[in-house]
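Each remark here refers to the structure printed beneath this line.
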Amino acid sequence: MAEGNKLQAAQYVDTVPTSRADITDSGDRGETGIAIVEIDRRLRIRSYNDEFARLMGILGNEAVCTSCRTVLNCTFSADTCPALRTIMSGKPFTAVDVNPCTGIPGPYQFTFHPIRDSSLRVARVVIAIADFSEVIRRLRSELERSYMRLMDVNRRLRDLEGVTTDILSIVSHELKTPLTISMGCIDLAMEEKNAAKLRELLLMARRNLMRENRIIDGMLELSKIRRGVMTLVFRKEDITSLVHKAVKEKLPFAAQREVRFDLNLERVPRVEVDPAYIIYALEQVIDNSIKFNRRGGVVKVNTRTVNGMVEIIVEDTGVGIAEENLERVFEPFYQEDSSASRRYPGIGLGLTLASKIVEFHGGRIHLESRGRNTGTRCTIAIPLKRRV
C-alpha cells in the first residue's frame, strides 16, 4: 500500500486489546462504537480496532492475516460478497443486516469503503460495522416508559374527569339547594298573614341565601389564591381577640347544631397578621368542627405559645377523619363522603382556604384524628416574627 493510503487507512484503525480481560472490561462498561476492520484484495484481515476485537471476541493480533470469511463466519458466495463488490466496483457500499455474517444477532449497518493505491486500483476495503442493537434496545425501553407514562396520564385524566363530574355535581347541588329553599320560603311568605310565621320564613330564606353567599365567597377566594392576586395587609394583632370574633360569628350555627364552645385562651404575644383573613381561616376551621360534630358536642379552642409560634388549637367531639384521608382534606373540593346522599353539606373548600391563608402568613396547619367518631384536633401555628 502506498504511504498516502496507509495514512488513509490508519484513520480507521485503533490499537487492539491484548487480553481477554480487556475485551470483557470494554463490554462491561457498555461502551458503544463502530467496529473497523481492513481487508485486502485476497479478503485477508490486515488490521482492526479494539471495538472489532470486542465484537468478535478475538485477542491481540491473532486475526491479522486471517481470512475475513473465517473470522466473520461469512456465508456469502463470491457473486454476492459485498467486500468483493466494493473491490470490483470501486464504490462505497452500505447494507443493513438483522442477522449479519458475524453470527451475532441484531441490527448492524455495514459500510464498505474502498482504499486505492497509487495506481488508483482498489487495494483494500475498510469495513465499518455499526451495532444498532443497543440503540434500538434503549429506544424500545424509552418507548415502553413513554407508553407507561402515557397510560398513567390517561388514567389520571379519566380520574380527573370523574372528579370534575363529582365536583360539578356537588357545587351545583350546594348552590341550588339554598336557592330553592329561599325561593320556597319567599313564596310562602308572600301568602303568610301570621307575623311570627312570616318572620320565621324570611329568616330561613336569609340563612340559606347567606349559605349560598359563603359558598360563592369561598370559590372566589380560592380563585384569587390560585391566580396570586390575594393581597394581605399585615398589622400587629391580638390573636385572642381574633379568636373571640371568629367564635362569635359561629355562635348561631353552633346553637343550631346544639354544639357548645369551651374556650381556654392563654395570653399570647401580638403577632403580625392580616386580621380579616385570619378570622376567615379560623371561621372555616370552627365551621368544620361544628358541622361534623355530634348533637350536644363540644368545640374546644385553646391558644398557647410554643417554639416561637402562636398556636390556636380547635378540637371537637365529632365524627373524626380516617387516617389515610388526613392530608387529602386540604385538597380543593375533597370530601370523605362525596355522594349525593351525604349527611353534611358543603363543597369542601373550608380547610383548603384556611391552609392557604395560614401558609401565606408563614405558618402551618395540622390535623390529628384517631379515626371514626374520635373527634378531630386542628392546630394553626403562626410565627411570632413574620418573615418578610
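The values are calculated or read from the model by the stated rules, or taken from the named source; none is laboratory data. Computed from a predicted model, the values in this text were never measured in an experiment. Glycine gets a Cβ as well: all are built from the backbone with ideal geometry, and neighbour counts include every protein chain shown.
Numbers below:
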{"quantity": "Extreme residue, modelled with the lowest pLDDT, among residues of segment 111-134 that are among the hydrophobic types (A, V, I, L, M, F, W, C) and out of contact with any Pro (no Cβ under 7 Å at 6 or more places or on another chain)", "calculated": "Ala130"}
{"quantity": "Hits in segment 159-182 - residues which are loosely packed, with under 13 Cβ neighbours inside 10 Å and either of a type in the set (A, V, I, L, M) or at pLDDT 85 or above (or both)", "calculated": "Leu160, Leu168"}
{"quantity": "Pair list, Cβ under 7 Å, 6 or more apart: segment 358-369 residue not assigned by TED's automatic domain parsing to the domain that holds Ile321 and part of a strand (DSSP E or B), other residue buried (at least 16 other Cβ atoms within 10 Å of the Cβ) and among the basic types (Lys, Arg)", "calculated": "none"}
{"quantity": "Restricting segment 31-73 to residues that are of a type in the set (Gly, Ala, Ser) and in a strand (DSSP E or B), the residue that is surrounded by the fewest Cβ atoms within 10 Å (Cβ to Cβ)", "calculated": "Ser67"}
{"quantity": "Residues of segment 229-244 that turn out to be of a type in the set (A, V, I, L, M) and outside any loop (DSSP other than H, G, I, E, B), as a count", "calculated": "3"}
{"quantity": "Number of the condition not met by Ile380 [criteria: (1) part of a helix (DSSP H, G or I); (2) modelled with pLDDT of 90 or more]", "calculated": "(1)"}
{"quantity": "Number of positions in segment 245-282 that are part of a strand (DSSP E or B) and closer than 17 Å to Ile365 by Cβ", "calculated": "2"}
{"quantity": "Extreme residue, modelled with the lowest pLDDT, among residues of segment 83-98 that are within 16 Å of Ala128 (Cβ to Cβ) and loosely packed, with under 12 Cβ neighbours inside 10 Å", "calculated": "Val96"}
{"quantity": "Members of segment 283-334 that are in a strand (DSSP E or B) and buried (at least 21 other Cβ atoms within 10 Å of the Cβ)", "calculated": "Val299, Val301, Val310, Ile312, Val314, Asp316"}
